1. Go through (1) more than 18 Å from the chain's Cα centre (by Cα); (2) crowded, with 19+ Cβ neighbours inside 10 Å; (3) within 30 Å of D218 (Cβ to Cβ) and name the single condition F116 misses.
2. Considering only residues that are surrounded by 16 or more Cβ atoms within 10 Å (Cβ to Cβ), modelled with pLDDT of 95 or more and in contact with a helix residue (DSSP H, G or I) (Cβ under 9 Å, 6 or more places away or on another chain), which ones fall in the range 312-330?
3. Quick one: is A254 in a strand (DSSP E or B) and not polar (S, T, N, Q)?
4. Can you list residue pairs whose Cβ atoms sit under 7 Å apart, with the first residue in the range 33-48 being under 21 Å from L194 (Cβ atoms) and the second being of a type in the set (S, T, N, Q) and buried (at least 16 other Cβ atoms within 10 Å of the Cβ)? Count only pairs 6 or more apart in sequence or on different chains.
5. Condition (residue is in a helix (DSSP H, G or I) and assigned by TED's automatic domain parsing to the domain that holds D380) applied to the range 198-210: is it met by at least one residue?
6. Could you tell me whether the range 182-189 includes any residue that is assigned by TED's automatic domain parsing to the domain that holds T97, within 30 Å of F165 (Cα to Cα), in contact with an Asp or Glu (Cβ under 6 Å, 6 or more places away or on another chain) and modelled with pLDDT under 95?
7. Here is a check on your reading of the model: is R156 among the basic types (K, R) and either in contact (Cβ under 8 Å) with a residue 12 or more places away in the chain or surrounded by 16 or more Cβ atoms within 10 Å (Cβ to Cβ) (or both)?
Amino acid sequence: MTQTAVERAKIAVAAYEKLQSFEATQRLTAGPISASARVRFRRPDRIALDYSSYKDPLTEFEESLTGGPEYAPDELVGTQLSYDGQGTWLFEARQETVTYKHGRIVFAPLAGASVFAELGFLRELTRDFLLRDEGEETLGGRPAHRIGVKPKARYRSLLLKEEVFPAERATIAFDAEHSFPLRIVFFPHRHSPLFPLVGPSSPVEIQYSDVRLDQLKDGDFAFSPPAGTLVFREEVVAAEELKTRLPFPLHVDALEPMHVTPYGGQALVTENDAKDKAYAQLTLVSHGGGNREEETPRSLSLRVGNYLSHNMGRRRALLSEHGEVVSLAKTQAQFVDRSQLVNEQLPEAIDRQILEIGWEQDGVYWFLLGEGFTRDALLDAAQTLASAHAEPGR
């Protein structure tokens, strides 16, 4: 007897509810964005990823303009990520380094969307979507049933939570034997954050292949840093702790006369287990100094450490290639106007001058990026930090 779309969807929902773990090769394509990884998942929330490819033009542009991304796409390739339920281990075999971050961090290229090993929508498939039979096909040599789905509503308010459905419509191809979704294709709704990323006619397509079901145990997600690797741990600290928290002096309070303060009063510190190598990043925002007429928001982004993170290494390379040599205290620095380097790529509606200065002082690397600051103001801020660093016993 031929099954209806609703009947097949109910079978898929039941199969998902019974599923405890899976391992597969997952591929994502969405317009100019693409990524692939070997993924492992186990309930309730264990996940591991090993990226084999990663392309994200938006991240690449942000890197050119602000240097903000922690990892460039090519740096994620070959990086193994393992979430243990509390934090994520990032193992970079080529650099022989391990970094532990709190929370689930997978660096998926679709901003605001969980993509890798994410099948939770299946739980409410028959409740949340209108369903339609779209026939059969063969994927990776396996027969599959296609079901077309369309959200019954784009937005739902449930008092203490809100649900937003980003897809205009979608097609899911379920393995005919196991009801595992081998392919998911959807078109983002025009009000979805994904829409401007992929365009009006490009779908988001997710494919799973070489699938293994219910063969993973909790122990498969336990991670121990290999012997000989340099292990870093990331932590959010109060900005006032930076004076004593790092293996080098950092006097952010020296910038107070410039009417900037650490955003949220916090900084992000990444330190190795021996506590002799560390780097920190924080954002300082202008509070105007009592000048209510100040219209242009100003901010400073500071990255500093006696160890070069990926992000800091890319900044150093850019400054070395494009920077202008300037003098600071007892050292030389390099200055660059990042916005001028990418001005042909900036939309006319965006008028942002983004300046950066970097220098090395006593084995410590400094990178100070200013938005809304003039060249002279940024140089003054850098001079202040360099002078404070040079003062013994401050």
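The values are calculated or read from the model by the stated rules, or taken from the named source; none is laboratory data. Small disclaimer: the values here were computed from a predicted structure and weren't measured. Heads up, the Cβs are rebuilt from the backbone with ideal geometry, glycines too, and the neighbour counts pull from every protein chain shown.
1. So the condition that F116 fails would be (1).
2. R314, L318
3. So A254 does not fit the description; no.
4. Qualifying pairs under 7 Å: S36/T25; S36/Q26; A37/Q26; V39/Q26.
5. no
6. Yes, the conditions are met somewhere in the range 182-189.
7. When the stated conditions are applied, R156 does not pass them.
Yes or no, residue by residue, for (1) touching an Asp or Glu at 6+ places or on another chain (Cβ under 9 Å); (2) hydroxyl-bearing (S, T, Y); (3) modelled with pLDDT of 95 or more:
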{"site": "R104", "(1), (2), (3)": "yes, no, no"}
{"site": "L122", "(1), (2), (3)": "yes, no, yes"}
{"site": "L139", "(1), (2), (3)": "yes, no, yes"}
{"site": "P143", "(1), (2), (3)": "yes, no, yes"}
{"site": "G148", "(1), (2), (3)": "yes, no, yes"}
{"site": "R154", "(1), (2), (3)": "yes, no, no"}
{"site": "L160", "(1), (2), (3)": "no, no, no"}
